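One structure is given here, and the rest of the page talks about it.
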Amino acid sequence: MTTEKAPGKRLRADAQRNRERVLAAAQELFAAEGLAVPLDDIARRAGVGPGTVYRHFPTKEALFEAVVAERIRAMVDEARDQAEADDPGRAFFDYFQRVIEHAALNKDICDALESTGQQPKTACLETDFNDAIGTLLKRAQQASAVRADVTTAELRSLIVGGLSMYRRAVAEQRPASELAVLYAGLRPEST
């Protein structure tokens, strides 16, 4: 887990452990409830007092931003890992599916993907995310696995739409068959 501190300032070992416990508790609770979770609940889950949370994260939004930044960073890293896959089409569709399934189970990621550029730290990662998925898209298009007229911005919107479809299907306890229609729409027309 990435930790941040003021330049040149090193946390004591116990302070670092507390910070990591707060981040781990926040990841769990934000994934389940999004930004609505109270900081006192995070402190309780982490086994620390509210003052400890505030020492590391002055606001709930700062803590949320740190958690979401870590999750988006992991998604960017995975997309970059897939960028050199032998089968660009499969890498693209597999990644698209994993992002939807993973993000749908984490309300914090859903909130972040749906609210573009709202937080400074995640705005920078959003650019990285768009670049990484853009690379996967371009390679899949060059391999004729994805329509040539799809843009990265459109793909980002399709991910958000796919999240909504998937979450609804999970809530209704049924397969997300709409995703097959979405994926079919991304493929080039057969001649």
Candidate set from the range 90-117 (those that are in a helix (DSSP H, G or I) and of a type in the set (A, V, I, L, M)); member that is modelled with the highest pLDDT: Ala91
Pairs, first on the phi < 0 side of the Ramachandran plot in the range 167-190, second of a type in the set (Phe, Trp, Tyr), C-beta under 7 Å, six or more apart: Ala176/Tyr166; Leu179/Tyr166; Tyr183/Phe93
Subset tally (residues that are out of contact with any Leu (no Cβ under 9 Å at 6 or more places or on another chain) and either of a type in the set (A, V, I, L, M) or part of a helix (DSSP H, G or I) (or both)) for the range 168-184: 9
Of the criteria (1) modelled with pLDDT of 90 or more; (2) surrounded by fewer than 17 Cβ atoms within 10 Å (Cβ to Cβ); (3) basic (Lys, Arg), which one Arg12 fails: (1)
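Here's the yes/no breakdown for (1) open to solvent by 60 Å² or more (accessible area, probe 1.4 Å); (2) modelled with pLDDT under 90; (3) touching a Phe, Trp or Tyr at 6+ places or on another chain (Cβ under 9 Å); (4) over 30 Å from Leu63 (Cβ atoms):
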{"position": "Leu125", "(1), (2), (3), (4)": "no, yes, no, no"}
{"position": "Ala143", "(1), (2), (3), (4)": "no, no, yes, yes"}
{"position": "Ser164", "(1), (2), (3), (4)": "yes, yes, no, no"}
{"position": "Arg174", "(1), (2), (3), (4)": "yes, no, no, yes"}
{"position": "Glu178", "(1), (2), (3), (4)": "no, no, yes, yes"}
{"position": "Val181", "(1), (2), (3), (4)": "yes, no, no, yes"}
Boolean, Lys121 is basic (Lys, Arg), modelled with pLDDT of 90 or more and either assigned to a helix (DSSP H, G or I) or open to solvent by less than 70 Å² (accessible area, probe 1.4 Å) (or both): no
Leu155 vs. criteria among the hydrophobic types (A, V, I, L, M, F, W, C), within 21 Å of Asp87 (Cα to Cα) and not in a loop (DSSP other than H, G, I, E, B): yes
Verdict on Ala79 being open to solvent by less than 40 Å² (accessible area, probe 1.4 Å), touching a helix residue (DSSP H, G or I) at 6+ places or on another chain (Cβ under 7 Å) and modelled with pLDDT of 90 or more: yes
All positions within the range 21-38 that are open to solvent by 20 Å² or more (accessible area, probe 1.4 Å), at pLDDT 90 or above and among the hydrophobic types (A, V, I, L, M, F, W, C): Ala24
Qualifying positions in the range 39-53 - buried (at least 16 other Cβ atoms within 10 Å of the Cβ) and free of Cβ contacts under 8 Å to residues at least 24 places away in the same chain: Ile42, Ala43, Arg45
Gln27 in contact with a Phe, Trp or Tyr (Cβ under 9 Å, 6 or more places away or on another chain) and under 30 Å from Asp131 (Cα atoms): no
Pair list, Cβ under 6 Å, 6 or more apart: the range 70-91 residue closer than 12 Å to Ala143 by Cα, other residue assigned to a helix (DSSP H, G or I) and open to solvent by 60 Å² or more (accessible area, probe 1.4 Å): Pro88/Arg139
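The values are calculated or read from the model by the stated rules, or taken from the named source; none is laboratory data. This structure is a prediction, so every number in the text was calculated from the model and none was measured. As a convention, Cβ positions derive from the backbone with ideal geometry for all residues, glycine included, and neighbour counts pool all protein chains shown. Side chains are part of the model used for accessible areas, which takes the heavy atoms of the whole protein and leaves out ligands, DNA and RNA. Shrake-Rupley method; radii C 1.70, N 1.55, O 1.52, S 1.80 Å.
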